[in-house]
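What follows is calculated from the coordinates using simple rules that are stated; it is not laboratory data. Because the structure is a prediction, the values reported are computed rather than measured. Here the Cβ positions follow ideal geometry from the backbone for every residue, glycine too, while neighbour counts run over all protein chains shown.
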Amino acid sequence: MAGYPRKMHTALDTTDVRGLAEFYRKLLGLRYRPGDERPADGSVDDADWLVLVDDDGNRQLAFQQVSVLPRSTWPSHDVPMQLHVDYAVPSLEELQHHKQRAVDLGAEVLLDRTTEGGEPLYVLADPAGHPFCLLVGRP
């Protein structure tokens, strides 16, 4: 045996596979893996699993259809986060820009910690309710 397991992608459950994939595709500048694009012939899009890749073709995020998904109630622990992804940007100006892009794409701001000392960040919820962080930091 050699080496260690490596991350293939992070998979997110959602009740709207295409909608959540589109949110992250636009937010992060990703693209669909070959074959996961919208049907070009105008047929019904019945995808229940989609994968987004980076410019080098590396898997980044996957989306899995579920029938019910309670939204996280974070910061309340009634329905905890369970998992979240952090995305770093190099400056406060970039942070503000990408927070607004996320909101315009359908995200909701859950926490604004940009005026406190230390590491400026926003905690947002994607359209399916998954929390994620945008912060000034080093990726």
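Summary table
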read-out	value
Amide H contacts of Leu111 (H built 1.01 Å from N, under 5 Å, at least 5 apart or other chain)	Val123
Label corresponding to Cα extents along the principal axes in Å when calculated from the structure given, among (i) 42, 32, 27; (ii) 50, 39, 34; (iii) 42, 36, 33	(ii)
Helical mean residue ellipticity (222 nm; -39500 (n - 2.57) per DSSP H run of 4+; nearest 500) of the chain	-5500 deg cm²/dmol
Acute angle (nearest 10 degrees) that the helix 17-28 long axis makes with the longest principal axis of the chain, alpha-carbon atoms	50 degrees
The chain - charge dipole about Cα centre, Lys and Arg +1 at Cβ, Asp and Glu -1, debye rounded to 20	320 debye
Residues whose placed amide H lies under 5 Å from that of Leu12, excluding near-sequence neighbours	Ala62, Phe63, Gln64
Segment 58-139: GluC sites (Glu not before Pro) falling in loop per DSSP and having at most 10 other Cβ within 10 Å	Glu116
In degrees, nearest ten, helix 92-104 long axis to first principal axis of the chain (Cα)	50 degrees
J(HN,Hα) series, segment 30-47, from Karplus relation 6.51 cos²θ - 1.76 cosθ + 1.60, nearest Hz, glycine and proline x	8, 9, 6, 5, x, x, 9, 5, 4, x, 6, 7, x, 5, 5, 8, 10, 4
